[in-house]
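Data block below; observations after.
Derivation of every value follows stated rules applied to the coordinates shown; laboratory data play no part. Since the structure is predicted, the reported quantities are computational estimates derived from the model, not experimental observations. Cβ placement follows ideal geometry from the backbone for every residue including glycine, while neighbour counts extend to all protein chains displayed.
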Amino acid sequence: MISNRKKNIVKTLIDNNILHSQTTTIGVMDFEALRQTCEDLHHAFPAPFKHTFAVKANALTDVLSHLRECGMGAEVASPGELAIALHAGYTAKDIIFDSPAKTRDDLQSCLANDISLNIDNMTELARIDKLMQQHPDTRSIIGFRVNPQIGSGKISSTSTATATSKFGYALADNDNREQLIASYLARPWLRSIHTHSGSQGCPLSLMAQGIAEIVSLAEEINAQAGQQQIVRLDIGGGLPVNFSSEEVTPTFAEYATVLKDEVPQLFSGKYEIKTEFGRTIAAKNGVILTRVEYAKNMGGRHIATTHAGAQVATRTIFLPAAWPIRVNGFLPNGELRTEQHAPVVQTDVAGPCCFAADLICKDVSLPQLAADDYVMIHDTGAYYFSNHFDYNSLPRVAVYAIHGNDDTLTTRCIRESQTMAQVVASMSK
Ligand SMILES: *Cc1c(COP(=O)(O)O)cnc(C)c1O
């Protein structure tokens, strides 16, 4: 099943001569759908929630400035992401800096510019102690990223709250909890606590359990401080996305229901609550469109060789079992390819990279694809367009924004494909 809107998007891109017989691969971000997703988020989680978007999921500046206009802040995790967020118009008060490897310069720049940050470990705290002497009046809201060590979800590479995860301060080890509380009590400027219990593959109850841990930690610090020292809780992102159909599940509303049940303090108004959703904001609001260059049969399997592979779908190519994606074929005229056009055959949709595993999907039932068809790769709005992989020196793909309602769609280029000169420059001094 595929939505009429997506069918209209393909027609519009063909009408505007963006998809044609020379097109290789493009990305598409549906700005109207993004706006709707942000509305759903704000509706499910109104104040005291304040939402940021995890920039790593889609760092295109036009996407970011659109999300800013939709009421989002920005969660950044590198100097590059910070620079991009500032370029997209975010101001210090709406940015959170999270990184497990902040340099002294990164820390200094956050404090000097009033950007909030989440501390990863005690060594980082010691560095901040020193820097605070130069920036005693910083308006940065500072606190620890805590790893509640509650266990893994289904995908180990995105599970961040395991006993041995590389992220944050291990709350359950030895007497770490007592030490952390003492560190807070000795520093009244430590005013927030952050956890990001995991991403794709983590059940909602596991996420809620991690969040409950930081709430109880906050209550304990506040009780011992004799005042409300902790004013902000940052509950991270990580809401999973359904990649198997057009349906949005779980919804923000469903997540809110789980949290209201299991961590009602979040909704009390006592704390400002930050979120950092990435995948759930963007994934279902973007697609990749690529042209079939050749189609052939090998060993009883139909192979459609396209121009989208590891350069743009890196995670899916290397971890296909964890990150499967759905595809649909379209005729060169933009009609959805159905059984009326060709028999359904077992198909591998291949990418252009020179290694055998460069397959977008394997052994899927599809009406037989032909040369010059287009393939839509669904749910690729997050972690595809800003996670380029240089294999075979393929260029970064162009990305187009879609605006408007179904009968009046318009398109706008928000990133050109890299030129050959830029590709050469990226391999030169
Ligand atoms: C990646 C990340 C997020 C976003 O995770 P999603 O699964 O995309 O929602 C949020 N916070 C931190 C600290 C992250 O590293």
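Taking the range 83-99 only, how many residues are in contact with a helix residue (DSSP H, G or I) (Cβ under 8 Å, 6 or more places away or on another chain) and in a helix (DSSP H, G or I)?
4
Would you call A256 over 17 Å from the mean Cα position of the chain (by Cα), in a helix (DSSP H, G or I) and either under 30 Å from Q418 (Cβ atoms) or not charged (D, E, K, R) (or both)?
yes
List pairs: first in the range 225-243 and over 22 Å from A208 (Cβ atoms) and in contact (Cβ under 8 Å) with a residue 12 or more places away in the chain, second aliphatic (A, V, I, L, M) and in a loop (DSSP other than H, G, I, E, B), Cβ under 9 Å, 6+ apart or cross-chain?
F243/I325
May I ask you to list the residues in the range 362-400 that are outside any loop (DSSP other than H, G, I, E, B), surrounded by fewer than 20 Cβ atoms within 10 Å (Cβ to Cβ) and among the hydrophobic types (A, V, I, L, M, F, W, C)?
Selection gives V364, A398.
Kindly provide the set of residues from the range 196-213 that are more than 9 Å from I150 (Cβ to Cβ), among the hydroxyl-bearing types (S, T, Y) and under 15 Å from the mean Cα position of the chain (by Cα), ordered by number.
Of everything in the range 196-213, just one residue is more than 9 Å from I150 (Cβ to Cβ), among the hydroxyl-bearing types (S, T, Y) and under 15 Å from the mean Cα position of the chain (by Cα), namely S199.
If you go through the range 283-302 one residue at a time, how many are among the hydroxyl-bearing types (S, T, Y) and buried (at least 22 other Cβ atoms within 10 Å of the Cβ)?
1
In this structure, is K102 touching an Asp or Glu at 6+ places or on another chain (Cβ under 8 Å) and either within 27 Å of E416 (Cα to Cα) or outside any helix (DSSP H, G or I) (or both)?
yes
Starting from residues that are part of a helix (DSSP H, G or I) and aliphatic (A, V, I, L, M), keep the ones in the range 42-82 and report whichever is nearest to I402 (Cα to Cα).
Restricting to residues being part of a helix (DSSP H, G or I) and aliphatic (A, V, I, L, M), the top hit is V63.
If V248 satisfies every condition in (1) more than 16 Å from the ligand (Cβ to nearest atom); (2) over 17 Å from T195 (Cα atoms); (3) assigned to a loop (DSSP other than H, G, I, E, B) but one, which is the exception?
Just one mismatch for V248, condition (1).
For residues that are more than 13 Å from the ligand (Cβ to nearest atom) and crowded, with 16+ Cβ neighbours inside 10 Å, scanning just the range 230-242, find the one that is nearest to H194 (Cα to Cα).
Going through the qualifying residues, I end up with L233.
Before we move on, is S183 more than 13 Å from the ligand (Cβ to nearest atom), exposed (fewer than 14 other Cβ atoms within 10 Å of the Cβ), of a type outside the set (A, V, I, L, M) and not in a loop (DSSP other than H, G, I, E, B)?
Considered against the rule, which asks whether it is more than 13 Å from the ligand (Cβ to nearest atom), exposed (fewer than 14 other Cβ atoms within 10 Å of the Cβ), of a type outside the set (A, V, I, L, M) and not in a loop (DSSP other than H, G, I, E, B), S183 comes out as no.
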